[in-house]
Amino acid sequence: MKSNEVKLIREDGRRLDGRAFDELRPLKIEVGVLEKCDGSAYVELGKTKVYAAVFGPREVHPKHLALADRAILNCRYHMASFSVDERKPLGMTRREIELSKVIREALESVVFLEEFPRTCIDVYIEVIQADGGTRTAGITAGSLALAEAGIPMIDLVAGVAVGKINGHLVLDISDIEDKYGEADMPVAMAPRLNSIVLLQLNGRLTGEEFKNALELAKKGIMEIYQQQREALRRKYSGISAEEV
Ligand code: UDP
C-alpha cells in the first residue's frame, strides 16, 4: 500500500496514538535489572521493550583472537520470536546481523577499549516486544548496561528514530508509522560530544527535511539522555523507578 493511502494523522492534527509530531512515546528506563551479568538495563518506549546485558571485560577465547592494544566489543542484537506479529524465525536473521554491527559501531565510538587490551566485552540486546525503534532503544539500553558494568566511556549513547508520515516529520516513529510512512531515520548520538554515532535513512527526504529531521532527532535524544542519567542516578542512590 502506498504511504499516502494510509492516514497516519488524525483530524485533530495528532498522530494515531494521540501524540504531537515532536513527542516521544512514554519512556521508562531502568539500570541494573538482571543479576547474572556485569551490567544491564531495560528501555521501554511505548510498546517497544528492550533489555541489554553486558559481560566483561573477560578473557578472549580462543586466545589468538585477542588484540594486543585494545578490547574487542562484541554485540548481538536479537529479537525474541514473540516480539513481532509474525513469529520471527529462530536464529539470527540477516537484519539482526546487520543491526548487531551498526549497534556495535555506535557503542564502540564511546568505550575506552584501549584500557582493556587482550579482553572482550559482550553486549547482548534482546528485543522482547517490537513496535518500531528497536535498534535505537537497543543502543540506549546497551550504553547504560556498559556503564553499569563499570566500563569507562567518554559519554552515554542515546538514540531515537524520526520519520516522515503523510508529509510531516515526526519524532519516535512506531511500527505502523514505519511501515506506512514515507521515511524512517534512526539516529544515535553521544550527546555531550554532540557526535552522531549512527545515522540510517530508509525512504526519501529533501535536503531541508533531512536537516529538520536531524534537529528533531537531537531534541528527542536530549530528552532520552536526561532520563538515562536520571536512571543511573536512581540506581546508585538506591531508589527504584516506582518510587519516583
Ligand atoms: N518488524 C517486524 N518483524 C521483523 C522486523 C521488524 O515486525 O522481522 C517491525 C518491528 O515492529 C520493528 C519495525 O518493524 O520495530 C521496524 O523495523 P526496522 O527494521 O525499521 O528496525 P527498528 O525501527 O526496530 O530499529
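What follows is calculated from the coordinates using simple rules that are stated; it is not laboratory data. Source: prediction; values computed, not measured. Cβ: placed from backbone, ideal geometry, glycine included. Neighbour counts: every protein chain shown.
Quick one: how many residues across the range 144-166 are within 16 Å of the ligand (Cβ to nearest atom) and of a type outside the set (A, V, I, L, M, F, W, C)? Break it down into steps so the answer makes sense when it comes.
Just the residues of the range 144-166 that are within 16 Å of the ligand (Cβ to nearest atom), to begin with: 157-165.
Next, from what is left, pick out any that are of a type outside the set (A, V, I, L, M, F, W, C): 159, 163-164.
Selection size over the range 144-166: 3.
Would you pick out the residues in the range 69-103 that are of a type in the set (Asp, Glu) and within 12 Å of the ligand (Cβ to nearest atom)? Outline the logic, then answer.
Let us first name the residues in the range 69-103 that are of a type in the set (Asp, Glu), namely 69, 85-86, 96, 98.
Residues satisfying the conditions are 85, 86, 96, 98.
A quick yes/no check of all residues on (1) assigned to a loop (DSSP other than H, G, I, E, B); (2) among the aromatic types (Phe, Trp, Tyr); (3) within 21 Å of residue 58 (Cα to Cα):
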residue	(1), (2), (3)
128	no, no, no
132	yes, no, no
137	no, no, no
140	no, no, no
146	no, no, yes
150	yes, no, yes
156	yes, no, no
161	no, no, no
169	no, no, no
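Would you mind stating whether residue 45 is under 25 Å from residue 193 (Cα atoms) and either in contact with a helix residue (DSSP H, G or I) (Cβ under 7 Å, 6 or more places away or on another chain) or touching a residue at least 40 places away in the same chain (Cβ under 8 Å) (or both)? It would help to see each step written out before you state the result.
On the way: under 25 Å from residue 193 (Cα atoms): yes; either in contact with a helix residue (DSSP H, G or I) (Cβ under 7 Å, 6 or more places away or on another chain) or touching a residue at least 40 places away in the same chain (Cβ under 8 Å) (or both): yes.
Criteria met by residue 45.
Among the residues of the range 171-203, which ones are in a helix (DSSP H, G or I) and over 14 Å from the mean Cα position of the chain (by Cα)? Give the steps one after another, and end with the answer.
The initial filter retains those residues of the range 171-203 that are in a helix (DSSP H, G or I), namely 175-180, 191-193.
Result: 175, 176, 177, 178, 179, 180, 192, 193.
For the range 188-209, how many residues meet the condition of being touching a residue at least 24 places away in the same chain (Cβ under 8 Å), on the phi < 0 side of the Ramachandran plot and loosely packed, with under 14 Cβ neighbours inside 10 Å? Working first, answer last.
Our first condition is that a residue be touching a residue at least 24 places away in the same chain (Cβ under 8 Å); within the range 188-209, this holds for 188-193, 195, 197-198, 200, 203, 205, 209.
Then drop every residue that is not on the phi < 0 side of the Ramachandran plot, which leaves 188-193, 195, 197-198, 200, 205, 209.
Subset that is loosely packed, with under 14 Cβ neighbours inside 10 Å: 192-193.
Adding up the residues that qualify gives 2.
Quickly run through the range 54-91 and pick out the residues that are under 20 Å from the mean Cα position of the chain (by Cα) and over 15 Å from residue 123 (Cβ atoms). Explain how you work it out, then say what you get.
Our first condition is that a residue be under 20 Å from the mean Cα position of the chain (by Cα); within the range 54-91, this holds for 54-55, 73-84, 88.
Selection gives 79, 80, 81, 82, 83, 84, 88.
Against the definition (within 18 Å of residue 167 (Cβ to Cβ) and buried (at least 17 other Cβ atoms within 10 Å of the Cβ)), how does residue 185 come out, yes or no? Break it down into steps so the answer makes sense when it comes.
Working: within 18 Å of residue 167 (Cβ to Cβ): yes; buried (at least 17 other Cβ atoms within 10 Å of the Cβ): yes.
Yes.
Across the range 83-100, what is the number of residues that are surrounded by fewer than 12 Cβ atoms within 10 Å (Cβ to Cβ) and of a type outside the set (Gly, Ala, Ser)? Reasoning before the result, please.
Applying the first criterion (surrounded by fewer than 12 Cβ atoms within 10 Å (Cβ to Cβ)) to the range 83-100 yields 85-87, 89-91, 94, 97.
Next cut, of a type outside the set (Gly, Ala, Ser) only: 85-87, 89-90, 94, 97.
Result for the range 83-100: 7.
Among what's in the range 9-53 and is under 15 Å from the mean Cα position of the chain (by Cα) and small (Gly, Ala, Ser), pick the residue that is surrounded by the most Cβ atoms within 10 Å (Cβ to Cβ).
52
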